[in-house]
Structures are given as structure tokens and as C-alpha cells.
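Let me begin by presenting the structure, written as C-alpha cells, before commenting on it.
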Amino acid sequence: MTQFVVETDDLVMAYPQQRGWRSLFKSLPKKVVLDRINTTINRGEIFGVAGPNGAGKTTLVKILSTLVIPFSGSARVLGLDVVEDSLAVRRRIGVVYGDERSFFWRLSGFENLLFYASLYGLSGKEARRRVSQLLELVGLQEHADLRMHHYSSGMKQRTAIARGLLSDPELLIMDEPTRTVDPLAAMELRALVKERVIDSRRTVILATNDMGEAEQLCDRVAFISHGKIQMVGNLEDLRGAFQLDEIHHVVVSGLQRSSFGFLRDLVSSIEVVALDTGQHQLELRTAPGGPAVPVVVRRIVEEGGDIWSCSRKQLSMDEIFAMAVERGRQTAAEEVLV
Amino acid sequence: MTAAVAYLRRDFLVWSSYRLAAFWQVAGALGIAGIVYFIGEAVGDRANSIPEENGSYAAFALAGVAFFDMLFRGLGTLSASVSEHQRAGTLEPMLLPPIREHELLLSFCLFPFCISMLRTSVFLIFGFVLLGFWDSANGLSILAVLVPAQLTFLGIGALSAASVLLLKQGDPIRLAYSVAMLTLGGAFFPVDAMPGWLQQLALLLPLTHALSGIREGLDGGSLVDVAPQVAVLTALAVVCLPAGLLAFRWAVRRAKQEGSLVEY
């Protein structure tokens, strides 16, 4: 049994630029939206697919969930080809949509889930028990009999999570699950996913453009921009790829702005900002892992300065995201047509 | 099978949640039956060119309307369901569970078929109980005609659903067929009343054979009497049903290749 739950090999997706009856008889130019995607996802991993709008995230998760057939290349999910074995793939995966329209609003949450449970082969008491369990899991048992058009966006998303789990899937694919909800509901949904949905048996793919969400939930993240994976790794790997220097902020008093020259030999670069309080904030860039900071602190004290605070600044996921997108823009070919 | 029952239950729950609309679907059939009756009264003896139903236009048209309603729904339900799911955003979730395309199609049409049976029953009960028509009807002959007719229309309906998936708003198959059925199918006036060349054209339509066989059955015709119509309709069903299902399967695959499943 392969250790990878997902494997893609030179996966390319291209959408026709025009649709309609003409495309049935004639090959029309296509725009490439995923360009040679090669990646693997390990069993039990929470794998983020991050990128700006239009980057190709949803196309990738739709290929993995068998809703889109790739133009070329291949994708295997749980060892099965997503095109040739699509029925078998669908038996073993669950999908959570960010689109809240995917339910029948005239039916209650319970009735909706019971309907989908039947499509996954559950019936009778077994189906009812499973639906009740899941409604409790997502905290909707009290609203089970309420028609879904009375549900808030957050409640609909909870129901979508419950639907994704109906078949107790080995792989759960979540496509921007917090896209339509307010920040508080998004926070609650993330907590729900973290505490109740993720377990060691299940692999999760989370497509998102919320970097905080990726940071909070994912073991590894693939950044997609302009149809290409710009980088894949855990948070430290990603920071390492962009943050070539360590950055430290030191707030100092008792020294003049012009007197910090003595630090120049100790650090890669230094910027001094005068604060309203009369203090100075130094932004020091140093080689990673070097002894510069203790030496700098000692020298400042020796020169008569007082140190009020000293902190290490790390690139946020949003900054990494912006840098990855910029890298994608620089390396992107002109609009690719096939 | 579980999927078909699930769809039947879901469609019933949605249908019954619109109580007034559900009521009007049945009441509407009664209203149309009443209109047909009054037209028949107005036409009176001038309908004596109608060979079936002893020259009663009301009986002729009521039978035509009742079964046209049923067969037309068989034709239009699939494309309407696909279109509705595209607009509601539920088509992709429908295609995610492990069920095959033909199961999905049959599930789509099960409840609408039940509703059309109900409406047809309303027309027939109206004619039989209130107007005293068809007292010698042969149910077995009618059924023998209806089954291959429905399967034929299901096949054409699947072709029509495939065209909705590929062409989105346009549904040329349904449109062309509806117009042809309305004008040439013999639901509202006898095919014999049309010019000869149109009568030849009408013979190409399954509705012509279906309504002719059903009227034969309503007049008490035996299985032998309806055998020609059953033979034609069975041949059409053998061609249309597999063709429709294959076309729908191909259309789903094509829409997945184009990434256009949810577009409408």
C-alpha cells in the first residue's frame, strides 16, 4: 500500500476559452490553469493548498474529487486513478464545499444529511444514527429539524462539514470552508475542524486563501500561484525559503541616534527609528543562528544604553503568501494557451 | 436502488413543502379537463370525423391531453432537473457520491413521473367517472403501449439533458420535439385531419404511435390490436434509451473535461 494518499504527476488543466456548440466540433484554444503539478500528500497529513483567487486551488481539489478531468498528467487518490477509477475514489473521499448553495434549502439539516447519507449507501436506522452523530459533532443537534433556509452561513458550513464526513472518509477535501462566514464564525469553524474533524486516521486537504487558517490547521502547505506550485513545506520550511536573515527589534534609551555606528560590524544591516518616547527602535538583520544578538546587547549596555525590549520578528504567513505570489508573477509565463 | 428511494423521498418533501403549488398541480389538471370538456361540447357533432371515441371530441382530446402530459414530462423532466441543479448549485454535490450517471438520471425522473401519473389519473378519472368515457378500456393494452413509450421518451429526455449539460441554456432537442409533438402528435386533433405529407412526418414521432395505441386501448382494443404500436415503440425505445444514456454519460465526461459542470 502506497504511503501517499495523493500523488500527482505532471498534472495539467486547461479550460477552453470559448464554450458552446462550436467546441463540440472544433478544438478551440484553451487556457492553462494548472501547469505541471507534481506533489504528494502523506497519510494522516493536514495539507493546505493556498493561493490567491484564481490561482488554481479549486481546480486542483475538483480534480482530486473527480469533478474535473485533467487535460494531461495524472492524479491518484488512495492509490486509485481519479479518471479511470472515479467511482471507487468517490466512495472513499468526503468533500466540504465553501459554497453554501449546495443544499436543498426547503429541507431541514437532518433531511438534507439523510438524503446524502442514502447516496453513500447508508439506509434506515444506520443512516439516521450516523446523521444524528454528525449533527452532534458539528453542534447542530438542536437545529436538526429546522429548514436550511433558516440556517446562518456558519450553520450551513457546519452542515457541509457533517456531509463531508457521512461516509467516514479516509480523505476529506475542504474547499475554502470559511469563505462565506464572518470572522467569529470562521474562528469557530476552525476550532471545530481542529478539535473534532481532524484525527490521525484521516488525511485532510484544505484549500484556502486565509493564511491564518493554513497556519493554524495545516502540517504542510503548498502555495499555488499562476497555476504552479511555488513551494511546498511546513511553516518553518516556508519561512526559511523567504526569510534569509533573522530580524530583531531592540528598543533602546540613553544613546543618541548617531551613536549606533558601533553596531555596524556586528550585523548585516541596521535601521534606527526614533520613537515618540525618546527611545530608539533598532531593526537588526543578522545571519540565521549566529551569536550576534547577545553580542549586540552586551555592546549597547557597555556603551551606556538601556534595553527596554528585544524581540525576534518572524515573517507572517501573509507576508510569505505575498512573497510567493510575487515570485509566481515574476516566473509566470505569458498567458499559456494549448 | 437506495439512491432512487432517496431522491423520491427528497423530491416528495420539497414538493409537499410548497403546499399551494402541489394543490394547483392537481387542481390545474381538473381545470384543463373541464376546458377540454366544454370545447368538446362546443364542437358537438362537427367532430364526427374523429374515428375513435365514437366521434366525441372531448373523449379524444381528454385522452390526448392526459397522456401527452405524462409523456411530455418524461421528455422534459431530465433536462429540467439538470438545469435546476446547475442553477441551485447542487449538481456537483449530486455527482460526488458513488452513484453512476444512469442511476442519477433515473432518480431525477422518478418523482416527476409519479406526479405525471397522478395528473394523468385525474384526467382519466374525470373522463371515466364524470363523463362516462372509456367504459370498455383495456388496461393491459394501455400499459403495453405506455411502457415502451415512456422508455422512448426517457431516452429522448436523456439526450435533452445531455444537451443542457453541454450547451447550458439552450435545449434544442426538447424544444424541437415539443413543437413537433404539439403540432403533429395527434394530442388535440386527429393526425388524419392534416395534409398527407404532414401525416407521414407525424409517423416519425413516438407520440403519434403512443397516443394511437393508448386510444385503441381506451376503446377496448386487445393486445393484438395495439401490437403494431407496441412494436414501433419498442424498436424506438431500444434505440433511444441506450443512445440517451450514453449521450448523457459522454456529456458529463465532456463537462468535467471543460470544467463546466456548474455553469448555466
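Give the range A:63-96 a look and list any residue that's open to solvent by 10 Å² or more (accessible area, probe 1.4 Å), of a type outside the set (D, E, K, R), facing chain B (nearest Cβ under 7 Å) and in contact (Cβ under 8 Å) with a residue 60 or more places away in the chain, or say none.
Correct list: A:Val95 only.
Considering only residues that are under 17 Å from the mean Cα position of the chain (by Cα) and open to solvent by 10 Å² or more (accessible area, probe 1.4 Å), which ones fall in the range A:141-176?
Within the range A:141-176, A:Asp175, A:Glu176 meet the criteria.
For the range A:242-337, please list each of the strands (runs of 3 or more DSSP E) lying entirely inside it that holds at least 2 residues being of a type in the set (Gly, Ala, Ser) and farther than 30 Å from A:Arg36 by Cα.
A:269-274, A:306-313
When the residues of the range A:97-106 are narrowed to those that are facing chain B (nearest Cβ under 8 Å) and either modelled with pLDDT of 95 or more or within 22 Å of A:Met174 (Cα to Cα) (or both), which ends up most open to solvent (accessible area, probe 1.4 Å)?
A:Arg101
Please determine, by comparing only the residues of the range A:49-62 that are of a type outside the set (A, V, I, L, M) and more than 9 Å from every other protein chain (Cβ to nearest Cβ), which one is surrounded by the most Cβ atoms within 10 Å (Cβ to Cβ).
A:Gly51
Tell me whether the range B:243-253 contains one or more residues that are more than 20 Å from the chain's Cα centre (by Cα), within 14 Å of chain A (Cβ to nearest Cβ) and open to solvent by less than 20 Å² (accessible area, probe 1.4 Å).
Yes.
Against the definition (at pLDDT below 90 and within 13 Å of chain A (Cβ to nearest Cβ)), how does B:Ser163 come out, yes or no?
yes
Just a yes or no: is a residue in the range B:163-181 part of a helix (DSSP H, G or I), under 25 Å from B:Tyr37 (Cα atoms) and open to solvent by 20 Å² or more (accessible area, probe 1.4 Å)?
yes
Considering the range A:122-153 alone, what residues qualify as being within 11 Å of chain B (Cβ to nearest Cβ) and touching a residue at least 12 places away in the same chain (Cβ under 8 Å)?
A:Leu122, A:Ala127, A:Arg147, A:His149
Among (1) open to solvent by 50 Å² or more (accessible area, probe 1.4 Å); (2) facing another protein chain (nearest Cβ under 9 Å); (3) in a helix (DSSP H, G or I), there is one condition A:Ser118 misses while meeting the rest; what is its number?
The failed condition is (1).
For the range A:224-241, what are the residues that are assigned to a strand (DSSP E or B) and either open to solvent by 30 Å² or more (accessible area, probe 1.4 Å) or touching a Gly at 6+ places or on another chain (Cβ under 6 Å) (or both)?
A:Ile224, A:Ser225, A:Lys228, A:Ile229, A:Gln230, A:Val232
Kindly establish whether B:Leu223 is open to solvent by less than 50 Å² (accessible area, probe 1.4 Å) and away from every other protein chain (no Cβ under 14 Å).
No, not satisfied.
Can you pull out the residues in the range B:118-142 that are hydrophobic (A, V, I, L, M, F, W, C) and surrounded by 13 or more Cβ atoms within 10 Å (Cβ to Cβ)?
The answer is B:Leu118, B:Val122, B:Phe123, B:Leu124, B:Ile125, B:Phe126, B:Phe128, B:Leu131, B:Phe133, B:Trp134, B:Ala137, B:Ile142.
With the requirement that a residue be surrounded by 12 or more Cβ atoms within 10 Å (Cβ to Cβ), aromatic (Phe, Trp, Tyr) and in a helix (DSSP H, G or I), what does the range B:14-32 give you?
If the condition is that a residue be surrounded by 12 or more Cβ atoms within 10 Å (Cβ to Cβ), aromatic (Phe, Trp, Tyr) and in a helix (DSSP H, G or I), then B:Trp15, B:Trp24 are the ones that fit.
Can we say B:Gly139 is away from every other protein chain (no Cβ under 14 Å), farther than 26 Å from B:Glu103 by Cβ and of a type outside the set (A, V, I, L, M, F, W, C)?
So B:Gly139 passes the test.
Can you find a residue in the range B:197-218 that is basic (Lys, Arg) and within 22 Å of B:Cys109 (Cβ to Cβ)?
no
Yes or no: the range A:24-38 includes at least one residue that is away from every other protein chain (no Cβ under 14 Å) and hydroxyl-bearing (Ser, Thr, Tyr).
Within the range A:24-38 (the criterion being away from every other protein chain (no Cβ under 14 Å) and hydroxyl-bearing (Ser, Thr, Tyr)), the answer is no, since none of the residues qualifies.
Which residues, taken from the range B:1-14, are in contact (Cβ under 8 Å) with a residue 24 or more places away in the chain and more than 9 Å from chain A (Cβ to nearest Cβ)?
B:Ala4, B:Leu8, B:Asp11, B:Phe12 - these are the residues of the range B:1-14 that are in contact (Cβ under 8 Å) with a residue 24 or more places away in the chain and more than 9 Å from chain A (Cβ to nearest Cβ).
Which condition number does A:Leu113 fail, the rest of (1) away from every other protein chain (no Cβ under 12 Å); (2) assigned to a helix (DSSP H, G or I); (3) among the aliphatic types (A, V, I, L, M) being met?
It is condition (1) that A:Leu113 fails.
For the range A:182-201, state whether one or more residues are surrounded by 15 or more Cβ atoms within 10 Å (Cβ to Cβ), without any contact (Cβ under 8 Å) to a residue 12 or more places away in the chain, away from every other protein chain (no Cβ under 14 Å) and farther than 27 Å from A:Leu78 by Cα.
Within the range A:182-201, one or more residues are surrounded by 15 or more Cβ atoms within 10 Å (Cβ to Cβ), without any contact (Cβ under 8 Å) to a residue 12 or more places away in the chain, away from every other protein chain (no Cβ under 14 Å) and farther than 27 Å from A:Leu78 by Cα.
Can you tell me which condition A:Glu283 does not meet? The list is (1) modelled with pLDDT of 85 or more; (2) loosely packed, with under 15 Cβ neighbours inside 10 Å; (3) under 34 Å from the mean Cα position of the chain (by Cα), and all the others hold.
(2)
Anything in the range A:244-258 that is farther than 14 Å from A:Val297 by Cα and either surrounded by 15 or more Cβ atoms within 10 Å (Cβ to Cβ) or touching a Gly at 6+ places or on another chain (Cβ under 7 Å) (or both)? List them, or say none.
If the condition is that a residue be farther than 14 Å from A:Val297 by Cα and either surrounded by 15 or more Cβ atoms within 10 Å (Cβ to Cβ) or touching a Gly at 6+ places or on another chain (Cβ under 7 Å) (or both), then A:Glu246, A:Ile247 are the ones that fit.
Pull up the range B:87-103, narrow it to residues that are touching a residue at least 60 places away in the same chain (Cβ under 8 Å) and closer than 14 Å to A:Lys62 by Cα, then point me to the one that is nearest to the other protein chains (Cβ to nearest Cβ).
Looking at residues that are touching a residue at least 60 places away in the same chain (Cβ under 8 Å) and closer than 14 Å to A:Lys62 by Cα, I get B:Pro97.
Within the range A:202-223, how many residues turn out to be part of a helix (DSSP H, G or I) and open to solvent by 10 Å² or more (accessible area, probe 1.4 Å)?
Within the range A:202-223, residues that are part of a helix (DSSP H, G or I) and open to solvent by 10 Å² or more (accessible area, probe 1.4 Å) number 4.
Give just the number: which of (1) in contact with a strand residue (DSSP E or B) (Cβ under 7 Å, 6 or more places away or on another chain); (2) loosely packed, with under 15 Cβ neighbours inside 10 Å does A:Thr277 not satisfy?
(1)
Out of the residues in the range A:288-306 that are open to solvent by 60 Å² or more (accessible area, probe 1.4 Å) and within 39 Å of the chain's Cα centre (by Cα), state the one that is nearest to A:Ile247 (Cα to Cα).
A:Pro288
The values are calculated or read from the model by the stated rules, or taken from the named source; none is laboratory data. Treat the numbers as computed from the prediction; the structure is a model and nothing was measured. All Cβ positions, glycine included, derive from the backbone under ideal geometry; neighbour counts span all protein chains shown. Side chains are part of the model used for accessible areas, which takes the heavy atoms of the whole protein and leaves out ligands, DNA and RNA. Shrake-Rupley method; radii C 1.70, N 1.55, O 1.52, S 1.80 Å.
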